[in-house]
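The values are calculated or read from the model by the stated rules, or taken from the named source; none is laboratory data. All of these numbers come straight from a predicted model, not from anything done at the bench. Because the Cβ atoms are built from the backbone with ideal geometry, glycine has one as well, and the counts that use them run over all protein chains shown. The accessibility values were calculated without ligands, DNA or RNA, using every heavy atom of the protein model including side chains. Shrake-Rupley method; radii C 1.70, N 1.55, O 1.52, S 1.80 Å.
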Amino acid sequence: DLKGLPLEILACLDNPIILLGKGGGGSRMLSFLVEDCGVCLGNTVNVSGDCMDMVIAVYQGVIEKYKCKAAWQKELLVSQLRLAAVRMLKSMDSAKRALWGFKLPENLLLLPELNQAFPCARYIQMFRNPVKTCLRRTHMTARLDNQIGRVTLPLAYREAGLPVSQILADSSALRMAYTTLHQLKCALSFCRNQLDSSRYYEVYFEDLLTKPDESVRNVCNWLSVKQVSHTLASEVDLKRSSRPGIMYQEDIE
């Protein structure tokens, strides 16, 4: 399926803008930021700014990387990521292919594989106060009610040197804390050790709220592009960001 690709697809396949942000941490603001810079984040984007075109390949990649024992299954991961991107680019307007990318929270867990699949990719990572992230709301990677969480939660607890059985006794906030710690450690270790400043850029959630226009200008300068819209500034809601999105059920009880 990857053979005989049109030249216009080959020309842009290797160099997406890959967005990194902890799930449940308000990373939709990161999507608004890069959209203001003219980055196309896919043909189908949900309300959180996540790229639905890449979701199956990324989810499958997480499961294959951490759960599959067969080497041949893991070896398919990189090709599956590239194939999903090819299908997305084929359906994308040609004018948008020049600056394209995608955001999914689970990107944090596949950075070596993403870098192999897209060798010229650039990465923008958003950080937010981790305490506020953990108290805001749960993310699927911190719950056992889905296939991804049943991989990522035990992974985080083992990384912290804790028995997996403790998951059942811990609160939702603690589960978020352990998964946040694990995922951010994975991302920081890879990005700061493997990528230089031309391929890796860090932004802070608090700056997106208080200095949206400046944040967009800085990223535009880093990407060497012109700003195309002002969505981020119009979407900033300081009151909403300062309070938790939900109250955990066990706290209510």
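Among the residues of region 11-22, are any small (Gly, Ala, Ser), touching a helix residue (DSSP H, G or I) at 6+ places or on another chain (Cβ under 6 Å) and either under 16 Å from Pro105 (Cα atoms) or touching a residue at least 24 places away in the same chain (Cβ under 8 Å) (or both)?
Among the residues of region 11-22, at least one is small (Gly, Ala, Ser), touching a helix residue (DSSP H, G or I) at 6+ places or on another chain (Cβ under 6 Å) and either under 16 Å from Pro105 (Cα atoms) or touching a residue at least 24 places away in the same chain (Cβ under 8 Å) (or both), which makes the answer yes.
Taking the condition of being assigned to a loop (DSSP other than H, G, I, E, B) and surrounded by fewer than 21 Cβ atoms within 10 Å (Cβ to Cβ), how many residues in region 1-25 meet it? Even if it seems obvious, please write down each step before you answer.
Going through region 1-25, the residues assigned to a loop (DSSP other than H, G, I, E, B) turn out to be 1-6, 14-16, 22-25.
Still in the running and surrounded by fewer than 21 Cβ atoms within 10 Å (Cβ to Cβ): 1-6, 14-15.
Total satisfying the criteria: 8.
Let's see how each residue does on (1) under 21 Å from Leu41 (Cα atoms); (2) in contact with a Lys or Arg (Cβ under 8 Å, 6 or more places away or on another chain); (3) open to solvent by 20 Å² or more (accessible area, probe 1.4 Å); (4) polar (S, T, N, Q):
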| residue | (1), (2), (3), (4) |
| --- | --- |
| Phe127 | yes, no, yes, no |
| Arg143 | no, yes, yes, no |
| Ile148 | no, no, no, no |
| Leu168 | no, no, yes, no |
| Tyr178 | no, no, yes, no |
| Ser198 | yes, yes, yes, yes |
| Glu202 | yes, no, yes, no |
| Thr210 | no, no, yes, yes |
| Gln227 | yes, yes, yes, yes |
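Do we find a residue being outside any strand (DSSP E or B), touching a helix residue (DSSP H, G or I) at 6+ places or on another chain (Cβ under 6 Å) and open to solvent by 50 Å² or more (accessible area, probe 1.4 Å) anywhere in region 77-85?
Yes, that holds for at least one residue.
Examine region 32-48 for a residue that is open to solvent by 50 Å² or more (accessible area, probe 1.4 Å), without any contact (Cβ under 8 Å) to a residue 60 or more places away in the chain, farther than 17 Å from Met88 by Cα and β-branched (Val, Ile, Thr), and state whether such a residue exists.
yes
So if I check each of Arg158, Arg143, which one is without any contact (Cβ under 8 Å) to a residue 40 or more places away in the chain and over 14 Å from Gly24 (Cβ atoms)? Spell out the reasoning first.
Details: Arg143 fails: over 14 Å from Gly24 (Cβ atoms).
Within the list Arg158, Arg143, the selection yields Arg158.
Could you look through region 61-71, keep only residues that are open to solvent by 40 Å² or more (accessible area, probe 1.4 Å) and without any contact (Cβ under 8 Å) to a residue 60 or more places away in the chain, and pick out the one that is nearest to Thr152 (Cα to Cα)?
Here the residue is Lys65.
Say whether the condition of being closer than 23 Å to Arg158 by Cβ and surrounded by fewer than 21 Cβ atoms within 10 Å (Cβ to Cβ) is met by at least one residue in region 50-60.
Quick first cut of region 50-60, residues closer than 23 Å to Arg158 by Cβ only: 58-60.
The next check asks that each one be surrounded by fewer than 21 Cβ atoms within 10 Å (Cβ to Cβ); those that pass are 59-60.
Within region 50-60, one or more residues are closer than 23 Å to Arg158 by Cβ and surrounded by fewer than 21 Cβ atoms within 10 Å (Cβ to Cβ).
Could you say which residue among Asn218, Asn146 is within 26 Å of Val236 (Cα to Cα) and polar (S, T, N, Q)?
Within the list Asn218, Asn146, the selection yields Asn218.
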